[in-house]
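A short write-up of the structure that comes next.
The values are calculated or read from the model by the stated rules, or taken from the named source; none is laboratory data. Just so we're clear, the structure is a prediction, and the values are computed from it rather than from any experiment. Note that each Cβ is placed from the backbone with ideal geometry, even for glycine, and that neighbours are counted across all protein chains shown. Only protein heavy atoms, including side chains, enter the accessible area calculation; ligands, DNA and RNA are left aside. Shrake-Rupley method; radii C 1.70, N 1.55, O 1.52, S 1.80 Å.
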Amino acid sequence: LGKPLNDINNPEYDDQGRTLYSDEETGEKKPVLEALVEYPCLFAMKIVGANEGEFAKEMVQVVAESCEVDVEYVENSVKDNGKWTSVTVKAPVKNAEMLYSLYENIDRDPRVKFKF
């Protein structure tokens, strides 16, 4: 028995730091968001951050700008929980590069604690 493919305890990364996924049949390696997501799609994402300012509204704006659409095209729901706010969005992404860019843009806001 060799090393298992897609070992969650020992992930592989490409030169840009993206987690790689190996095709179980061919062994071909691709970044996870290229290998496992079909595009275009509405990509569901939850963003959790400090309940400061207009966090939810601003996160929806980041999603809209990153996906090159107006804010009214970003489905979203918000939950406030005292110190934290969570924003669940359906991001209309066209391809993996757009999705990676969206994650990078969300990470620029220091209020963001988690995204998944």
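The table for this structure:
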item	result
Between 0 and 90°, nearest 10: helix 96-107 axis offset from the chain longest Cα axis	50
In nm, spacing of pseudo-spin labels at residue 36 and residue 23 (7 Å Cα→C-beta vector)	1.7
Residue-wise HN-Hα coupling along the range 26-36, computed from phi with Karplus coefficients 6.51, -1.76, 1.60 (Hz; x: Gly, Pro)	9, x, 4, 9, 9, x, 3, 6, 8, 7, 10
Positive-end residue, the chain charge dipole about Cα centroid, Cβ charges, pick of 114, 4, 44	114
Nearest-ten-degree value, helix 55-66 long axis tilted from longest Cα axis of the chain	50
Fraction of accessible area attributable to carbon and sulfur, the chain (%, probe 1.4 Å)	49
DSSP loop GluC sites (Glu not before Pro) with at most 15 other Cβ within 10 Å excluded, longest remaining stretch of the chain	69-116
GNM result for the chain, Cα springs below 10 Å: residue of 22, 66, 101 fluctuating most strongly	22
Full-stretch length increase - residue 104, residue 83 - with 0.36 nm per residue and alpha-carbon distance subtracted	5.2 nm
Positive-end residue of 66, 76, 99, charge dipole of the range 57-116 with Cβ unit charges	76
Most to least accessible of 67, 41 (protein chains only, probe 1.4 Å)	41, 67
Environment charge of residue 92, counting only residues whose C-beta is closer than 13 Å and scoring Lys/Arg +1, Asp/Glu -1	-3
Mean accessible surface per residue for the chain, computed with a 1.4 Å probe while every protein chain stays in place, in Å²	66
